[in-house]
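See below for the structure under consideration.
The values are calculated or read from the model by the stated rules, or taken from the named source; none is laboratory data. Note that this is a predicted model, so its numbers are computed, not measured. Positions of Cβ are backbone-derived with ideal geometry, glycine not excepted, and every protein chain shown enters the neighbour counts.
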Amino acid sequence: MTFTSWPPELAELYRDRGLWRAETFDDVLAARAGDPDLADRVAVVDAERSLTYRELDGRVGRLAAAFADLGIVPGERVIVQLPNVVAYVETVFALFRARALPVFGLPAHREAELVGIAQESEAVAMIHPGVLHGYDHAGLARTVAEQAPTLRHVIDLDELAALDAAPRDHGRSDPSEVAFLQLSGGSTGTPKLIPRTHDDYLYSVWRSNEVCGVTADTVYLVVLPASHNFPMSSPGILGAVYAGGSTVLSPSPTPSVAWPLVERERVTMVGLVPPLARLWTETAESGTEHDISSLETIQVGGARCPDELARRIGPALGVTLQQVFGMAEGLVCYTDLDAPIEVVTTTQGRPMSEYDQIRLVDEDGVPVESGPGLLEVQGPYTIRGYWNGVAATSFAADGWYRTGDVVELADGGELIVRGRSGDRINRGGEKVSAEQLEEHLLEHSAVRDVIVVAIDDEYLGERTCAYVIAADGEPAPKLPTLRAFARGRGLAEWKLPDSVVVIDAFPETGVGKVSRRRLRETLAATRPGANAVGG
Ligand code: OOB
């Protein structure tokens, strides 16, 4: 187990200033359940079940004991690949109580992602949905277990519901230790696991609550996959728990499913990615029968929200818009709830902590006075290294995290995200590694070479386009063929290519050695309009 801690002088500063409060996630739940004002309030609810803080705490105690009975010991890793249901929250807190480390998988992950995650984390168990949207996760879990020798238990939702044992004392986690592993958005071949400690993550949670106005009266709706950092902690599920508010979990983000829940639970706050914000806005603009008037704040983040869309969200949905620019590695920026409309609609907000330190540099790491420049950051909730020290080049020599995002600073100190360097494509908030997709497509017999680039998309912001050189004597591969092939190699659905262009040769990049990155940049610069690129 390796995790890179903060330099001692910074850790001391963060503790001295009361940012790191030496609390654990389990302390927080136990304290809310033990608070007579909160114990009987709703903690978490989905379409079918609802639990108060007292009930959640009780279930967490029994489930934690059952995990211990399975032989899961403190420090061991457990992949949680569950949809947005109450059992998700029970499981995560039960693992915290048993002092095991949740590894946050997504229901959309398939063999390629899960095998990598299981191997890299040396997970001992995986908790999965069983059958979800007609997909057999049990079969997938077995396939993963065959390739990940550490995986001793695979548990589906039904088996999870049946787990029950007498609560007991599991001891207390060290708040400065790793609490869980989050996943990095744009992983290359090796999955990058993000170790987050109780101290640093809980700081990001309670500070988010301050900036976002979360209280015990907040009803937070989760429509994005719950494991994403955004609905998890910005301020998300954990923010709601920290404040003693309620979390509502929706199985789908579409208005037809989510809005009845908004109406029934009197939801006040939700986090959306831009494509969903557009869908919600357009649905509201054309009129709805659902009463969504309880909504106060809509947060939009995960990808750049177009200014034009940002201007429509507040009026259409009768809410305050808050832009969120964050990353699972740490730094989260918010626009203030009372910021001028111009700031809210054209910037991605300010770092939430006065202890966040940011700098802009050029490609060589040399500081640039004014932007745009590559954003680097260090602070009280930004990691200093990935799990097992992989991808060390993502960190500067002095330990600052190199985000890869190109940003500019507005007059008020807000960040404006202009783009990204590197090979990561942001497909409506879900990140695709061009390099990873290329590696898979290159295995196809009809592909001699391939470069994957982002092309603009009105709805998603960006989508993927694979420029393919066909292998000699093979027919030019078509889009459905390559999508089926990539799916068959176990890639998650959102990573499959959106379009394919067959070309005879890649453009000259002007460098002696062919650089794939330069090729990607050249192709992206000459990319045809989205409509011109068909399958
Ligand atoms: C969030 O986290 P990740 O780890 O899935 O992705 C982080 C990356 C950022 O480096 C940036 O490239 C992009 O996603 N991003 C945005 C953005 N928010 C995230 N790009 C432009 N505008 C935005 N508002 O996506 C995430 C984590 C916590 C809170 C919110 C989002």
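Output the residue which, of all residues in the range 161-199 that are buried (at least 20 other Cβ atoms within 10 Å of the Cβ) and in a helix (DSSP H, G or I), is nearest to the chain's Cα centre (by Cα).
HIS198
Hand me the list of helices (runs of 4 or more DSSP H) wholly inside the range 1-111 holding 1 or more residues that are in contact (Cβ under 8 Å) with a residue 40 or more places away in the chain, touching a His at 6+ places or on another chain (Cβ under 9 Å) and over 23 Å from LEU261 (Cβ atoms).
Qualifying helices (runs of 4 or more DSSP H): 25-33, 53-69, 86-97.
When you look at ARG418, is it of a type outside the set (Gly, Ala, Ser), within 16 Å of the ligand (Cβ to nearest atom) and surrounded by fewer than 21 Cβ atoms within 10 Å (Cβ to Cβ), yes or no?
In short, yes.
Output the residue which, of all residues in the range 277-297 that are away from the ligand (no atom under 13 Å from the Cβ) and among the hydrophobic types (A, V, I, L, M, F, W, C), is farthest from LEU317 (Cα to Cα).
Step one: filter the range 277-297 for residues away from the ligand (no atom under 13 Å from the Cβ), giving 278-297.
Those left that are additionally among the hydrophobic types (A, V, I, L, M, F, W, C): 279-280, 284, 292, 295.
Numbers: LEU279: 11, TRP280: 8, ALA284: 6, ILE292: 8, LEU295: 8 Å.
This residue is LEU279.
Can you name the condition, by its number, that THR403 falls short on among (1) in contact (Cβ under 8 Å) with a residue 40 or more places away in the chain; (2) of a type in the set (Val, Ile, Thr); (3) surrounded by fewer than 22 Cβ atoms within 10 Å (Cβ to Cβ)?
Going through the list (1) in contact (Cβ under 8 Å) with a residue 40 or more places away in the chain; (2) of a type in the set (Val, Ile, Thr); (3) surrounded by fewer than 22 Cβ atoms within 10 Å (Cβ to Cβ), THR403 breaks only (3).
Quick grid of which residues meet (1) at pLDDT below 90; (2) in contact with a Lys or Arg (Cβ under 7 Å, 6 or more places away or on another chain); (3) surrounded by 14 or more Cβ atoms within 10 Å (Cβ to Cβ):
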| site | (1), (2), (3) |
| --- | --- |
| VAL450 | no, no, yes |
| ARG463 | no, yes, yes |
| TYR467 | no, no, yes |
| ARG483 | no, no, yes |
| GLY488 | no, no, no |
| LYS495 | no, no, yes |
| GLU508 | yes, no, no |
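Of the residues PRO74, PRO36, PRO8, PRO102, which single one is surrounded by fewer than 23 Cβ atoms within 10 Å (Cβ to Cβ) and within 20 Å of LEU163 (Cβ to Cβ)?
Answer to the selection: PRO74.
Can you tell me which residues in the range 315-337 are more than 9 Å from the ligand (Cβ to nearest atom), part of a loop (DSSP other than H, G, I, E, B) and either surrounded by fewer than 24 Cβ atoms within 10 Å (Cβ to Cβ) or not polar (S, T, N, Q) (or both)?
Within the range 315-337, GLY318, VAL319, ASP336, LEU337 qualify.
If I ask for residues that are farther than 18 Å from LEU181 by Cα and assigned to a helix (DSSP H, G or I), which ones from the range 371-407 would you list?
Scanning the range 371-407 gives a single hit, THR393.
Scanning the range 469-478 for residues that are part of a loop (DSSP other than H, G, I, E, B) and touching a residue at least 12 places away in the same chain (Cβ under 8 Å), which turns out surrounded by the most Cβ atoms within 10 Å (Cβ to Cβ)? So that I can check it myself, show each step before the final result.
Taking the range 469-478 first, the residues part of a loop (DSSP other than H, G, I, E, B) are 471-478.
Now drop any that are not touching a residue at least 12 places away in the same chain (Cβ under 8 Å), which leaves 471-472, 474-478.
Values: ALA471: 15, ASP472: 6, GLU474: 12, PRO475: 10, ALA476: 14, PRO477: 21, LYS478: 14.
Taking the candidates together, the pick is PRO477.
What number of residues in the range 229-254 are outside any helix (DSSP H, G or I), out of contact with any Leu (no Cβ under 6 Å at 6 or more places or on another chain) and crowded, with 24+ Cβ neighbours inside 10 Å?
The initial filter retains those residues of the range 229-254 that are outside any helix (DSSP H, G or I), namely 234-235, 244-254.
Add one more test, that the residue is out of contact with any Leu (no Cβ under 6 Å at 6 or more places or on another chain), and what stays is 234-235, 245-247, 249, 251-252, 254.
Keeping just the survivors that are crowded, with 24+ Cβ neighbours inside 10 Å gives 234-235, 245-247, 249.
Qualifying residue count for the region: 6.
Residue check, ALA303 against (1) assigned to a loop (DSSP other than H, G, I, E, B); (2) more than 16 Å from the ligand (Cβ to nearest atom), all met but one. Which one?
Here ALA303 clears every test but (2).
From the list GLY461, GLY413, which residue is within 15 Å of the ligand (Cβ to nearest atom), in contact (Cβ under 8 Å) with a residue 40 or more places away in the chain, on the phi > 0 side of the Ramachandran plot and not hydrophobic (A, V, I, L, M, F, W, C)?
GLY461
Which residues, counting only those in the range 200-222, are among the hydroxyl-bearing types (Ser, Thr, Tyr) and part of a loop (DSSP other than H, G, I, E, B)?
Passing the criteria: THR215, THR218.
So in the range 434-448, with the set limited to residues that are over 17 Å from GLU113 (Cβ atoms) and out of contact with any Leu (no Cβ under 9 Å at 6 or more places or on another chain), which one is surrounded by the most Cβ atoms within 10 Å (Cβ to Cβ)? Let's see the steps before the verdict.
Quick first cut of the range 434-448, residues over 17 Å from GLU113 (Cβ atoms) only: 442, 444-448.
Still in the running and out of contact with any Leu (no Cβ under 9 Å at 6 or more places or on another chain): 442, 445.
Numbers: LEU442: 12, SER445: 9.
The selected residue is LEU442.
Being in contact with a Lys or Arg (Cβ under 9 Å, 6 or more places away or on another chain) and surrounded by fewer than 19 Cβ atoms within 10 Å (Cβ to Cβ) is true for just one of GLU285, GLU210, GLU289, GLU263. Which residue is that?
Just one listed residue meets the conditions, GLU285.
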